[in-house]
Amino acid sequence: MKSPLLGLPGAVPAEGADEGVAAHYGNIFREQRELAAGRGFVDLSHRGVVTVTGTDRLTWLHLLLTQHVSALPPQQATEALILSPHGHVEHALYLVDDGTTTWAHVEPGTQQSLIAYLESMKFFYRVEIADATADYAVVHLPAGSTASAEGAAALRELPYGRDLFLPRGELEKLAAQYGPAAGIWAYEALRIEAHRPRLGFETDHRTIPHEVDWLSTAVHLQKGCYRGQETVARVHNLGKPPRRLVFLHLDGTEESLPPHGTEIHLASDPAGRALGFVTSSARHFELGPIALAIVKRNVAVDALLLAGTVPASQEVVVPQ
């Protein structure tokens, strides 16, 4: 869906996975500073919105998700995953329950396959699943924002801000109500800084939650009874994940950022076997060029790396 906020002054459309919203509004560093200071908002109206209603919704979702949600209090935000039978990540949900409806936003374009899976698992449970993307949009307010959430259908309170589920027709009122708009590039830079993984960026068809630090936010290790739980328990208790997420400080002398999929090599062996790949990269208003990457578990944590041709030093996100 194309956001009406692309009509704001200076808006430059994003491409790829974030098509439909603004990449920036003319000054990516100023937009980052505003968000870091608790001002402004980010248009995330391209993300899919899924709702689940019915008296059995939380009990039923508890059986399918990696997170403990059977007794989720109203208005308490959480994250959850849906895994394959082998424990690979298939969906990431960012959800909240308002007492009558569970609201979730997901990566753009993934809501249809998510709903198809959920529908296949309804059985005798009293639940109704709906694609609410055409009617509701997601807007992010940064931590410290004093903007009112009045008019939101649901609200997710997070350590790093608030996600609002708003009627899509209310989007054009945002500029006056919530302050300066920040594009998805600013939001992504702060996400990368915070080491938060994103489905389809930090994940591929082989990703298990342990590799990208989703155990700390999206997986409850004391619950079972969900698809892929055996893999989660086995790797957590008996093994080690084959790969790990790292944060990279990139050499600022390079003009271009390494795109998603750029191979990672040891700086001491640039022609050697690839040790991983870049998942996300951005220019940060304080840190300069930064990135997240997936590397093999046994890569030394102090090794100097090359992201393509760009020298990079590591910070540990997932320990060896």
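The values are calculated or read from the model by the stated rules, or taken from the named source; none is laboratory data. This one's a predicted model, so the numbers in the text were calculated from it and none came from an experiment. Note that we place each Cβ from the backbone using ideal geometry, even for glycine, and neighbour counts take in every protein chain shown. Quick note on the areas: whole protein, heavy atoms, side chains included, nothing else; ligands and nucleic acids left out. Shrake-Rupley method; radii C 1.70, N 1.55, O 1.52, S 1.80 Å.
For this structure, a couple of remarks:
- Picking from residues in the range 111-135 that are of a type in the set (S, T, N, Q) and farther than 20 Å from A77 by Cα, the one that is surrounded by the most Cβ atoms within 10 Å (Cβ to Cβ) is S113.
- As for the range 83-103, it holds at least one residue that is polar (S, T, N, Q), crowded, with 20+ Cβ neighbours inside 10 Å and not in a helix (DSSP H, G or I).
- Test: residue in the range 168-180 that is at pLDDT 90 or above and part of a strand (DSSP E or B): no
- Test: residue in the range 272-282 that is modelled with pLDDT of 95 or more, open to solvent by less than 40 Å² (accessible area, probe 1.4 Å) and touching a helix residue (DSSP H, G or I) at 6+ places or on another chain (Cβ under 6 Å): yes
- The residue pairs whose first member lies in the range 212-226 and is farther than 18 Å from L238 by Cα, whose second member is open to solvent by 60 Å² or more (accessible area, probe 1.4 Å), and whose beta carbons are closer than 8 Å, counting only pairs six or more residues apart or on different chains, are C225/L63; Y226/L63.
- Total residues in the range 249-266, condition more than 22 Å from the chain's Cα centre (by Cα) and either aromatic (F, W, Y) or assigned to a loop (DSSP other than H, G, I, E, B) (or both): 6
- Among the residues of the range 267-309, those identified as under 20 Å from the mean Cα position of the chain (by Cα) and in contact (Cβ under 8 Å) with a residue 60 or more places away in the chain are T279, S280, S281, A282, R283, H284, I290, A291, L292, I294.
- Residues that are in contact (Cβ under 8 Å) with a residue 12 or more places away in the chain and open to solvent by 10 Å² or more (accessible area, probe 1.4 Å), drawn from the range 143-157: A143, G144, S145, T146, A147, S148, A149, G151, A152, A153, L155, E157
- Residue satisfying condition, being crowded, with 18+ Cβ neighbours inside 10 Å, more than 21 Å from the chain's Cα centre (by Cα) and under 17 Å from V318 (Cβ atoms), within set V219, V246, V235: V235
- For the range 283-320, a residue qualifies if it is open to solvent by 10 Å² or more (accessible area, probe 1.4 Å) and small (G, A, S), and the qualifying residues are G288, A300, A303, G308, S313.
- Any pair with Cβ under 6 angstrom, 6 or more apart, that starts in the range 24-49 at a residue that is in contact (Cβ under 8 Å) with a residue 24 or more places away in the chain and open to solvent by less than 60 Å² (accessible area, probe 1.4 Å) and ends at one that is assigned to a helix (DSSP H, G or I) and of a type in the set (S, T, N, Q): G48/Q111
- Inspection of the range 163-178 finds a residue satisfying the criterion of being within 18 Å of V96 (Cβ to Cβ) and under 14 Å from the mean Cα position of the chain (by Cα).
- Meets criteria (hydrophobic (A, V, I, L, M, F, W, C), touching a Lys or Arg at 6+ places or on another chain (Cβ under 7 Å) and under 21 Å from E193 (Cβ atoms)) for V318: yes
- Inspection of the range 55-64 identifies no residue that is over 30 Å from S3 (Cα atoms), surrounded by fewer than 21 Cβ atoms within 10 Å (Cβ to Cβ), of a type outside the set (A, V, I, L, M, F, W, C) and touching a strand residue (DSSP E or B) at 6+ places or on another chain (Cβ under 9 Å).
- Set side by side, the residues V138, V69 differ, and just one is open to solvent by less than 10 Å² (accessible area, probe 1.4 Å), in a loop (DSSP other than H, G, I, E, B) and at pLDDT 95 or above, which is V69.
- Comparison of E170, E193 shows that the only residue that is touching a residue at least 40 places away in the same chain (Cβ under 8 Å), among the acidic types (D, E) and surrounded by fewer than 23 Cβ atoms within 10 Å (Cβ to Cβ) is E193.
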